[in-house]
Ligand SMILES: CC(C)(COP(=O)(O)OP(=O)(O)OC[C@H]1O[C@@H](n2cnc3c(N)ncnc32)[C@H](O)[C@@H]1OP(=O)(O)O)[C@@H](O)C(=O)NCCC(=O)NCCS
């Protein structure tokens, strides 16, 4: 185990940040795919509240920072860290678990560390929470030319 991090985020705080700063805030803290999903949720009558969706992802990035920063000194750009959801088996009850995808400079910084980041999210009412565990993985073998 390399590191752990936890965060709890007040959903109304995230809603206020969006109300005040709009897309400036979204683009700074969230990946493009997360912003698209947020927009879908804003148009939709079902699913989690759009602000709770963002708050859970904000919590995940803060928790990741707490797990990563003490031993690496890294400060990843939140907009380059995406919380994804696995596709699941397709059955209605198989909702995909969350995971991180690291893009651009966050990918370049994270990949050589040979770490796996596991993340778990929760939201209920005015609070969203996330827990992150970083584990060491064997370095990926570099491709060696045949012959
Ligand atoms: C350090 C940071 C994670 C603290 O988060 P916060 O929401 O202000 O406060 P929380 O209540 O969630 O967490 C506080 C706890 O985090 C822990 N903590 C503080 N600095 C930490 C660090 N560098 N690494 C890991 N954990 C840290 C401490 O235990 C602290 O509790 P304590 O003061 O009682 O000991 C936050 O201030 C931060 O710097 N986040 C990164 C922001 C960032 O990169 N943003 C980019 C946006 S685009």
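Throughout, read-outs are computed from the coordinates displayed, never taken from laboratory work. Just so we're clear, the structure is a prediction, and the values are computed from it rather than from any experiment. Glycine also receives a Cβ, built like all others from the backbone with ideal geometry; neighbour counts cover every protein chain displayed.
So what is the 222 nm mean residue ellipticity for the chain from helices alone, if each DSSP H run of at least 4 adds -39500 (n - 2.57) and you divide by all residues, rounding to the nearest 500 deg cm²/dmol? Theoretical 222 nm ellipticity from helices: -12500 deg cm²/dmol.
Report the far tail of the P(r) of segment 26-65, meaning the percent of Cα-Cα pairs longer than 16 Å. Intermediate results must be reported in sequence, preceding the final value.
Numbers: 237 of 780 pairs.
Every Cα pair in segment 26-65 considered, those over 16 Å come to 30 percent.
If R0 equals 25 Å, the separation of the Cβ atoms of residue 33 and residue 105 corresponds to a calculated FRET efficiency of about 0.90.
In this simple spin-label approximation, residue 25 and residue 49 carry label points 7 Å from Cα along the Cα→Cβ vector, and these lie 1.3 nm apart. Compute the angle between helix 11-21 and the longest alpha-carbon principal axis of the chain, please, reported from 0 to 90 degrees and rounded to the nearest 10. The angle comes out at about 90 degrees. If the Kirkwood radius is taken over C-alpha pairs of the chain, then at 10 °C and 1.306 mPa s the Stokes-Einstein diffusion coefficient equals 98 µm²/s. Angle of helix 32-43 to the longest C-alpha principal axis of the chain, folded into 0 to 90 degrees and rounded to 10: 20°.
Helix 50-72 axis versus longest C-alpha principal axis of the chain: approximately 30°, rounded to the nearest ten.
Highest mobility in the GNM of the chain, judged by mean-square fluctuation with C-alpha springs under 10 Å and restricted to 25, 102, 131, is found for 25. Sorted largest first, the principal axis extents computed over the alpha-carbon atoms of segment 20-88 equal 43, 34, 16 Å. Fully extending the segment from residue 122 to residue 140, taken as 0.36 nm per residue of separation minus the present Cα-Cα distance, adds 3.3 nm. When you restrict to C-alpha pairs under 8 Å that are six or more residues apart and normalise by the size of segment 1-90, the relative contact order lands at 44 percent. Label point 7 Å out from residue 6 along Cα-to-Cβ: which residues of segment 50-91 have amide N under 20 Å? So the set is 55-71. Separation of segment 101-130 and segment 22-69 by C-alpha centroid, Å? Computed from Cα coordinates, the inter-centre distance equals 12 Å.
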